[in-house]
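Undergrad: I am attaching a structure below and will ask some questions about it afterwards.
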Amino acid sequence: MSNSHPGLGLHGRQTELAALDRLLAEARAGQSRVLVLRGEAGVGKTALLDYLQEQASGFRVARAVGVESEMELAFAGLHQLCTPMLGNLAGLPRPQRDALDTVFGLSTGEAPDRLLVGLAALGLLSAVAEELPLLCLVDDAQWLDQASAQALAFVARRLLAEPVALVFAVREPSEEQQWRGLQPLNVGGLSRGDARALLDSATPGRLDERVRDRIVAETRGNPLALLELPRGLSAAELAGGFGVPETPTLASRIERSFHDRRRDLVVARRHVARRRIGRGGPRRSRGIDRAGCPSALPSSVATRRGLPGGGLA
């Protein structure tokens with residue numbers, strides 16, 4: 001699987017990668033682990049989730065992406081993560097099974113108590129992990145609907161000796177309280193040397209050293225910002241004698257890039273859902289296919305945006 005943005009690699013992320021490797025090793029050994037990746041937009045959280053998915057040999061992998069337009073839909077995020085696991089519902093205690101059946105629209109009934117939904121989600125993940133270690137990746141967790149965020153935070157705080165790793169990526173600044181108290185991994189900007197190397201590798205032609213230093217300073221080592229800022233600048237401007245755009249201009253450019261990619265992800269998710277409904281079952285929904293492997297976005301969308309199947313954060 002490629003990184004979420006062409007050229008946005010893992011150079012300079014040795015500390016973060018070591019922490020992710022430990023998480024997988026401990027989950028393989030039967031110890032549950034929870035991690036919250038925190039960082040500003042474009043810093044590379046999604047690339048780190050991609051790395052985890054690539055390294056998760058022997059795991060079942062479930063992946064969900066928070067969608068801003070679905071924040072008012074109760075349990076939308078939990079549904080996205082758990083739908084491929086619904087074949088394991090039958091093994092849950094009846095009250096828990098009924099709770100998930102109701103919130104996922106599989107049966108009618110009164111809305112269940114949210115504590116019961118949290119217990120049911122915990123039971124479901126534990127049941128899946130009895131077959132293979134389970135890695136759950138939740139990108140853009142700041143945009144999960146509140147009901148899903150509460151349920152997943154409940155699960156994260158009660159995992160014990162199950163071979164389950166649960167990793168959230170949260171954009172900062174964030175005021176969400178659900179993730180407080182869970183182990184954080186702060187993802188900051190690249191070091192000066194790594195930022196210069198990334199900028200040099202992504203900028204064609206000559207780049208004036210003063211211009212390079214100004215871009216590195218303006219972006220604070222943010223990898224996506226390093227790639228976005230030089231776009232649209234002429235060779236003469238890159239060679240010197242221009243003013244680097246002010247930070248608000250840079251921020252708006254990056255945000256537009258996010259919106260473009262997220263729009264394509266939403267379109268792709270709807271396309272996959274229509275295909276799944278046409279096949280009459282949830283087993284090939286986005287996240288886990290029948291073989292327990294991550295399913296892909298439609299190639300036309302993935303190729304157009306350089307996306308591996310997850311959001312960019």
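Undergrad: Subtracting the Cα-Cα distance from 0.36 nm times the residue separation, let me have the gained length for Leu115 to Ser174 in nm, one decimal. Mind dumping the intermediate values first?
TA: Values: separation 59, 0.36 × 59 = 21.24 nm, distance 2.45 nm.
Fully extending the segment from Leu115 to Ser174 adds 18.8 nm.
Undergrad: Still on this structure, please answer the following. Where the accessible area of region 32-155 is counted over protein heavy atoms with a 1.4 Å probe, how much of it, in %, is carbon and sulfur?
TA: Values: 2140 of 4230 Å².
Here it works out to 51 percent.
Undergrad: Let me ask something else about it. Enter the per residue convex hull volume of region 9-88, computed from alpha-carbon coordinates, in Å³ rounded to the nearest integer.
TA: Values: hull volume 10.1 nm³, N = 80.
Given the Cα convex hull of region 9-88, per-residue volume reads 126 Å³.
Undergrad: Another question about this same structure. What is the log10 of I(q)/I(0) for region 98-140, computed with the Debye formula using one identical point scatterer on each Cα and no solvent, at q = 0.23, 0.33 Å⁻¹?
TA: -0.84, -1.04
Undergrad: Next up: On full extension of the chain, what length is gained from Arg206 through Arg22, given 0.36 nm per residue of separation minus the C-alpha to C-alpha distance? Intermediate values should be presented prior to the final figure.
TA: On the way: separation 184, 0.36 × 184 = 66.24 nm, distance 4.05 nm.
Difference between extended and current length: 62.2 nm.
Undergrad: Among 174-180, 55-61, what's the highest-first ranking by average C-beta atoms within 10 angstrom per residue?
TA: Values: 174-180: 13.7, 55-61: 17.1.
The peptides rank, most packed first, as 55-61, 174-180.
Undergrad: Based on the mean of other beta carbon atoms within 10 Å per residue, what is the order of 13-19, 107-113, most packed first? Before the final figure, lay out each step's value.
TA: Values: 13-19: 14.0, 107-113: 10.6.
Sorting 13-19, 107-113 by mean packing, highest first, produces 13-19, 107-113.
Undergrad: Is region 13-154 rounded, prolate or oblate when judged by the Cα gyration tensor, a ≥ b ≥ c being the square roots of its eigenvalues, rounded requiring a/c under 1.5 and prolate requiring a/b larger than b/c? Walk me through the intermediate numbers first.
TA: Numbers: a/c = 2.48, a/b = 1.41, b/c = 1.75.
Since a/c reaches 1.5 but b/c is at least a/b, the shape of region 13-154 is classed as oblate.
Undergrad: Separate question: Using θ = phi - 60° and the Karplus relation 6.51 cos²θ - 1.76 cosθ + 1.60, list the HN-Hα couplings for region 213-222 in order, rounded to whole Hz, with x at every Gly or Pro.
TA: So the J values, rounded to whole Hz, are 5, 5, 5, 4, 5, 5, 8, 6, x, 5.
Undergrad: Residues in region 148-170 near a label at Leu106, defined as backbone nitrogen under 13 Å from the 7 Å Cα→Cβ point?
TA: none
Undergrad: Given H placed on each backbone N at 1.01 Å, which residues far from Cys136 in sequence or on other chains put an amide H within less than 5 Å of it?
TA: Ala62, Ala165, Leu166, Val167
Undergrad: Something else now. Regarding region 143-202, what are the three Cα extents along the principal axes, ordered largest first, in Å?
TA: In descending order, the Cα extents are 45, 28, 19 Å.
Undergrad: Continuing with the same structure: Under a 5 Å amide H to amide H cut-off, with H placed in plane at 1.01 Å, what residues pair with Gly188 once short-range neighbours are removed?
TA: Those lying under 5 Å, H to H, from Gly188: there are none.
Undergrad: Tell me, what is the Rg over Rh of region 125-165, with Rh the Kirkwood radius over Cα pairs? Show your work: numbers first, answer last.
TA: On the way: Rg = 11.1 Å, Rh = 11.1 Å.
Value, to two decimals: 1.00.
The values are calculated or read from the model by the stated rules, or taken from the named source; none is laboratory data. This one's a predicted model, so the numbers in the text were calculated from it and none came from an experiment. FYI the Cβ positions are ideal-geometry reconstructions off the backbone, even for glycines, and counts take in every protein chain you see. Note: areas computed on protein heavy atoms with side chains; ligands, DNA, RNA excluded. Shrake-Rupley method; radii C 1.70, N 1.55, O 1.52, S 1.80 Å.
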